[in-house]
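A.B. asks: Quick one: the structure is below, and I'll ask about it shortly.
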Amino acid sequence: MKEKRSYLFLLLLSLLFIQLSIAQEKQLLKHKHLWNTAIGDIQIKEKWFFNSEVHVRFTDACSEFQQYLFIPGIKYNYKPHISFSSGFTYFKNLPHGEVPLPIAQSEITLWQQTTLKHKTHQFSFFHRLRMEERFTQKLITGENGDTWIDGRVYNNRFRYRCLVNRPITKSKKVYLMSFNEIWLNIPSKSLEVSLNQNLFYLGTYYKFRNGVRLGIGGMHQYLNRGKTLAESNLMLSFLCLYKIGKGN
């Protein structure tokens with residue numbers, strides 16, 4: 001087990017070095033955001049769930065919207081430690097930051113994911129692997145500086161998240177939670193294989209009897225914006241998790 005932990009630590013450390021080396025070659029923009037997230041499971045049948053995520057994000061000391069996302073899906077619990085899910089994401093990115101988009105841009109994404117779970121002592125591990133088919137609005141800027149939308153561009157992306165949590169009180173109501181998620185662009189006619197972004201989270205949450213968990217934490221995001229730009233962003237994150245059904 002110690003050997004496995006060492007391999008995991010070396011993997012995360014190597015990803016961090018890759019991220020830093022890439023960032024050094026680009027103009028690095030830095031922002032501070034507030035991200036609010038609600039994630040829920042509603043049981044339909046014994047092994048079937050409707051799940052949804054709503055993300056509302058602000059920037060510039062909460063003075064303006066940054067992004068919002070709506071992510072519905074269906075989950076099937078194949079076994080206690082394996083589940084399969086599929087759904088779509090609607091993502092709206094608004095002009096913000098030091099080098100903003102000229103106009104708002106939306107993306108519609110279809111996705112399929114597998115989640116694997118295991119437990120070691122008081123630590124619970126969740127490994128989420130997700131494939132995405134992305135349809136992003138294509139922005140065109142004319143010679144006069146006007147920008148318009150010219151259809152959508154199709155690309156694929158792979159995401160891997162490793163999440164771990166553990167109780168930090170005897171009552172097992174307060175938990176410590178952390179995850180790292182890497183997002184990789186898959187090669188296509190319009191994209192080369194590359195690191196799209198990396199998210200790191202560290203926070204805590206309180207577990208209520210009715211299945212609701214409320215949490216707060218800090219996040220760091222490395223965001224690759226092409227050949228010359230990248231972002232290194234810090235976020236304060238508020239989280240609400242809920243489950244409606246048996247065993248909540």
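A.B. asks: Can you tell me which residues in segment 191-241 are part of a strand (DSSP E or B), in contact (Cβ under 8 Å) with a residue 60 or more places away in the chain and open to solvent by 70 Å² or more (accessible area, probe 1.4 Å)?
C.D. replies: LEU234, LEU236, PHE238
A.B. asks: Can I ask one more? Basic (Lys, Arg), more than 13 Å from the chain's Cα centre (by Cα) and closer than 19 Å to ASN36 by Cα: which single residue out of ARG209, ARG166, ARG213 fits that description? Steps first, please.
C.D. replies: Values: ARG209 fails: closer than 19 Å to ASN36 by Cα; ARG166 fails: closer than 19 Å to ASN36 by Cα.
Residue meeting the stated conditions: ARG213.
A.B. asks: Could you check segment 116-133 and list, in sequence order, the residues that are over 11 Å from CYS162 (Cβ atoms), part of a strand (DSSP E or B) and either open to solvent by 30 Å² or more (accessible area, probe 1.4 Å) or among the β-branched types (Val, Ile, Thr) (or both)?
C.D. replies: Within segment 116-133, LYS117, HIS118, LYS119, THR120, PHE123, MET131, GLU133 qualify.
A.B. asks: For THR169, indicate whether it is of a type in the set (S, T, N, Q), outside any loop (DSSP other than H, G, I, E, B) and closer than 26 Å to HIS81 by Cα. Working first, answer last.
C.D. replies: Working: of a type in the set (S, T, N, Q): yes; outside any loop (DSSP other than H, G, I, E, B): no; closer than 26 Å to HIS81 by Cα: yes.
It is false that THR169 is of a type in the set (S, T, N, Q), outside any loop (DSSP other than H, G, I, E, B) and closer than 26 Å to HIS81 by Cα.
A.B. asks: Hey, any hits in segment 75-86 for a residue that's β-branched (Val, Ile, Thr), open to solvent by 60 Å² or more (accessible area, probe 1.4 Å) and over 15 Å from LEU241 (Cβ atoms)?
C.D. replies: no
A.B. asks: Moving on to the next point. Given (1) on the phi > 0 side of the Ramachandran plot; (2) open to solvent by 50 Å² or more (accessible area, probe 1.4 Å), identify the lone condition not met by ARG166.
C.D. replies: (1)
A.B. asks: Given the conditions (1) surrounded by fewer than 16 Cβ atoms within 10 Å (Cβ to Cβ); (2) farther than 24 Å from HIS118 by Cα; (3) out of contact with any helix residue (DSSP H, G or I) (no Cβ under 7 Å at 6 or more places or on another chain), and given that ILE244 satisfies all but one, which numbered condition is not satisfied?
C.D. replies: All conditions are met except number (2).
The values are calculated or read from the model by the stated rules, or taken from the named source; none is laboratory data. Everything numeric here is computed off the predicted structure, so don't read it as measured data. Ideal geometry is used to build each Cβ from the backbone, glycine not excepted, and the neighbour counts take in all protein chains shown. Note: accessible area is taken over every heavy atom of the protein model, side chains too, but ligands, DNA and RNA are not part of it. Shrake-Rupley method; radii C 1.70, N 1.55, O 1.52, S 1.80 Å.
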